[in-house]
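To start, the structure itself, in structure tokens.
The values are calculated or read from the model by the stated rules, or taken from the named source; none is laboratory data. This one's a predicted model, so the numbers in the text were calculated from it and none came from an experiment. Note that we place each Cβ from the backbone using ideal geometry, even for glycine, and neighbour counts take in every protein chain shown. These accessible areas exclude ligands, DNA and RNA; they are computed on the full protein's heavy atoms, side chains included. Shrake-Rupley method; radii C 1.70, N 1.55, O 1.52, S 1.80 Å.
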Amino acid sequence: MPSIKVHKPGLCTTVQDIGRIGYQQFGIPVSGVMDEFAFTVANYLVESDKNNAVLEIPFLGPTLEFDFDVTIAITGGEIQAKINNQDVKMWESINIKKGDNLSFGSLKSGMRAYLAFSAEIDVPVVMGSKSTLLKSKLGGFEGRQLKMGDIINFKNVKILSKKNILDKKYIPTYSHNQNIRIVLGPQDDYFEESSIKTMLENKYQVTKDADRMGMRLAGEVIKHKDKADIISDAAVFGSIQVPGNGQPIILLADRQTTGGYTKIATVIKADLPKLAQMLPNDTIQFSLVNIEEAQKEYREFYRILDEIKDSFVVKPRVYTEKQLYVSKKLFGNRRKK
């Protein structure tokens, strides 16, 4: 069976896809990739299904040996990748040969890189997903991050006959200071207007207490009218909880399904990839948008992804009636005998 061997595991390399959709009612977190944009583009570059599982690589990448031919793509945070000690580029498709070694250094910008394959990672599908939920040891490769000596099997392998390169205009830059757009709610009425103003007028710093579950921030205290606790309700990717200490927490991919702290606002869909690439000590400036603007940016996020996908599709040539007439005159209606 086609496989790769892990010679070095990296810092916390895991198998991820879009996540477990439809199971939060049973207390199962969605999990899945942190940066949906980089993940989806990586799959489009290798002409795989947009939800094909990938390796998510935070901070420091692995060293992998391939025993089969396959096409790969590397996206996300800027990371130096090498095949047999020769530098390779990100945001484009790359053909790997049997016996090749793919190695990664540490990230130069951003926090997470993504490695996609023109093949399927052969791990069990658990509740509709191959994503790894580390805290529950669920899904992915034995429910854990990769370690030295692991053998990862693949199936449905294909090789691309053409090279796909992402247009530079689509490649994101990862800043240490990000403007993050939010919509208020669902419990913004638990806060004084002055507290909302405080949140919008001050920068907040990402602390070292940030992981796939949530991102704790430090900054000006956001005060409640009364108390911070509520009857637990649904938590979504981007919910901004404010506990009693007034320091916001942004819930991320591995978040709990419900939460009992007031949620002052929610990060819009289009800005979630920015959060995925933020490092400790980076700063956030929140800006307020309304629901209509958030919906517009939601549609634009997926429109751009569709545009990227279409750019890799070879479209059949369309001939005009005049061109067809000339062709018929010159060559006639030839048939094979």
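Which of (1) 0.95; (2) 0.89; (3) 1.15 is the computed Cα Rg over 2.2 N^0.38 Å for the structure on display?
Here Cα Rg over 2.2 N^0.38 Å agrees with entry (3).
Quick one: check the C-alpha center-to-center distance for region 87-144 versus region 243-311, whole angstrom.
23
Got a sec? What order do Tyr298, Tyr190, Tyr170 fall in by accessible area at 1.4 Å, biggest, i.e. largest, first?
Numbers: Tyr298 115, Tyr190 85, Tyr170 35 Å².
So the residues, ranked largest to smallest area, are Tyr298, Tyr190, Tyr170.
So which of Lys223/Lys296; Lys108/Lys162; Lys5/Lys208; Lys155/Lys269; Lys8/Lys98 end up more than 25 Å apart by C-alpha? Intermediate results must be reported in sequence, preceding the final value.
Working: Lys223/Lys296 31 Å; Lys108/Lys162 29 Å; Lys5/Lys208 32 Å; Lys155/Lys269 32 Å; Lys8/Lys98 18 Å.
Correct reply: Lys223/Lys296; Lys108/Lys162; Lys5/Lys208; Lys155/Lys269.
Give me the Å³ per residue figure for the convex hull around the C-alpha atoms of region 212-273. Numbers along the way, then the final one.
Values: hull volume 5.0 nm³, N = 62.
With only Cα atoms used, region 212-273 gives 80 Å³ per residue.
Of all accessible surface on region 1-155 at a 1.4 Å probe, what whole percent is carbon and sulfur? Show your work: numbers first, answer last.
Values: 3010 of 5940 Å².
Looking at region 1-155 in its full context, I get 51 percent from C and S.
Given bins 10 angstrom wide, list per bin the percent of all Cα-Cα distances in region 70-171, short to long.
Histogramming region 70-171 at 10 Å steps yields 13, 38, 38, 10, 0 percent.
Report, in deg cm²/dmol and to the nearest 500, the calculated mean residue ellipticity at 222 nm for the chain, where each DSSP H run with n ≥ 4 adds -39500 (n - 2.57) and the sum is divided by the residue count. All intermediate terms of the calculation are to be shown ahead of the outcome.
Details: 5 runs with 56 residues, N = 337.
My calculation for the chain gives -5000 deg cm²/dmol from helical runs alone.
If you count only protein heavy atoms with a 1.4 Å probe, what accessible area per residue comes out for the chain, rounded to a whole Å²?
On the way: 17170 Å² over 337 residues.
It amounts to 51 Å² per residue over the chain.
At 20 °C and a viscosity of 1.002 mPa s, what translational diffusion coefficient does Stokes-Einstein give for region 1-157, taking Rh as the Kirkwood radius over Cα pairs? Give it in µm²/s as a whole number. Please list the in-between numbers first.
Numbers: Rh = 15.3 Å.
This corresponds to a translational diffusion coefficient of 140 µm²/s.
Suppose a student asked you for the relative contact order of the chain, using Cα pairs under 8 Å spaced at least 6 residues apart; what percent would you report? Spell out each step's value before the answer.
On the way: 802 pairs, mean separation 63.7, N = 337.
Normalised by residue count, the contact order of the chain is 19 percent.
Roughly what would the spin-label model give for Phe26 and Lys169, points 7 Å off Cα along C-beta, in nm?
Placing both labels 7 Å beyond Cα along the Cβ direction yields 4.5 nm.
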